[in-house]
Amino acid sequence: MAFPQKNPQSSPDQLPQTHSETQGLEVAQESKALEEACLSSHPEMPGNLKEAPDAAIPSTSQSAQSSSSSVSSSRKYGEGSSSEEEEDSTLEPEADPDPKNVPVDAEDENVASLVNFLLLKYQTKEIITKEDVLQIISQEYKDHFAEMFLRASERLEIIFGLEVKEVDPTNHCYAIFIKLGLTYDGMQPGEVGVPKTGILILILAVIFMKGNRATEQEIWDVLKVTGVYSGRKHHIFGEPRKLITKYFVKEDYLKYQQVPNSDPAQFEFLWGPRAIAETTKMQVLEFMAKVHGIDPSSFPSQYEDALQDEKDRAQARN
């Protein structure tokens with residue numbers, strides 16, 4: 001995959017003018033909505049969670065997870081992960097910053113601005129430098145660069161399904177990719193808006209955690225916790241029912257079919273062939289475990305299923 005290119009003519013202040021001015025303004029106007037979405041609780045995943053004293057405790061310090069943050073992911077997650085490539089290339093700050101000295105309001109404002117900036121960089125497919133990020137953070141909080149960049153990257157990951165990776169460690173350059181090996185961000189040609197991959201990943205996770213098939217009602221029950229409702233236009237993601245039952249199905253990421261022998265008729269979702277080809281059950285399970293700050297094996301039945309899937313894929317390649 002080719003990396004995005006650094007545009008030497010573009011600066012953060014000029015970024016909305018580097019592409020469609022309307023698109024830039026649209027994203028800028030959504031910054032508050034992004035902040036509100038980040039403050040919403042991420043839904044607990046259905047599944048067979050083992051009874052473990054530390055199961056619900058993220059491995060990062062609780063101070064790093066202020067009450068205003070939607071992200072409970074573990075900064076140290078990845079040890080023993082089956083995906084070494086992700087471990088090596090995912091953003092990791094050099095030091096563990098102490099966020100206790102950063103006021104919550106200032107932190108949220110700076111992180112929201114960074115999320116907005118990163119979305120614009122994703123849309124223009126440009127390389128991000130540390131200098132670019134420092135121009136976005138308020139002068140008095142530049143010493144907290146690593147913490148704020150990490151928080152913004154996590155929010156981008158959870159809400160939009162995008163991943164910030166360091167592509168040039170020497171010069172501290174980063175690029176943004178769609179997460180979990182997926183190649184579709186839910187954006188329609190000419191659409192003004194933001195990537196929808198976060199919703200797709202959440203749906204794939206619900207399907208997997210529910211035994212590789214989930215009823216339509218089960219999907220909407222999880223999505224409504226994030227403020228996404230069937231038939232109600234979302235301030236960030238647009239009309240979700242059309243997105244899920246038309247575009248995700250058309251792109252072969254989801255199968256949408258009637259539940260056999262259901263009367264009255266009920267419908268269910270399964271992974272589509274493109275989802276099966278591009279990502280794996282283990283990748284999805286590891287991502288959801290990361291969100292909740294626990295080990296993937298804390299979901300024993302799903303972990304066993306994911307391991308078997310890995311074995312089946314390996315045999316198919318041989």
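Since every read-out is calculated from the coordinates, none of them should be taken as a lab result. Because the structure is a prediction, the values reported are computed rather than measured. Here the Cβ is made from the backbone with ideal geometry for all residues, glycine too, and neighbour counts use every protein chain on show.
Among the listed pairs K233/K281; K255/K281; K179/K210; K165/K196; K121/K290, a Cα-Cα separation exceeding 28 Å is found for K233/K281.
Expressed in nm to one decimal, what extension gain is obtained for the pair A316 and T183 from 0.36 nm per residue of sequence separation less their Cα-Cα distance? Don't skip to the end; give the middle numbers.
Values: separation 133, 0.36 × 133 = 47.88 nm, distance 2.21 nm.
Gain on extension, A316 to T183, equals 45.7 nm.
Taking amide H as placed 1.01 Å from N in the peptide plane, the amide H of T215 sits under 5 Å from that of F269, each at least 5 places away or on another chain.
Excluding R313 itself, calculate the net charge of residues whose Cβ lies under 13 Å from the Cβ of R313, where each Lys or Arg counts +1 and each Asp or Glu counts -1. Don't jump to the answer; show the numbers that get you there.
On the way: positive: K281, K311, R317; negative: E278, D305, D309, E310, D312.
It works out to a net charge of -2.
Given R₀ = 25 Å, what would the calculated FRET efficiency be for N261 paired with W220, taking r from the Cβ atoms and rounding to 0.05? Once the sixth-power term is evaluated, E becomes 0.70. Under 5 Å between amide hydrogens, built in the peptide plane, is the criterion, and for K255 it picks out L270, W271, G272 among residues at least 5 positions away or on other chains.
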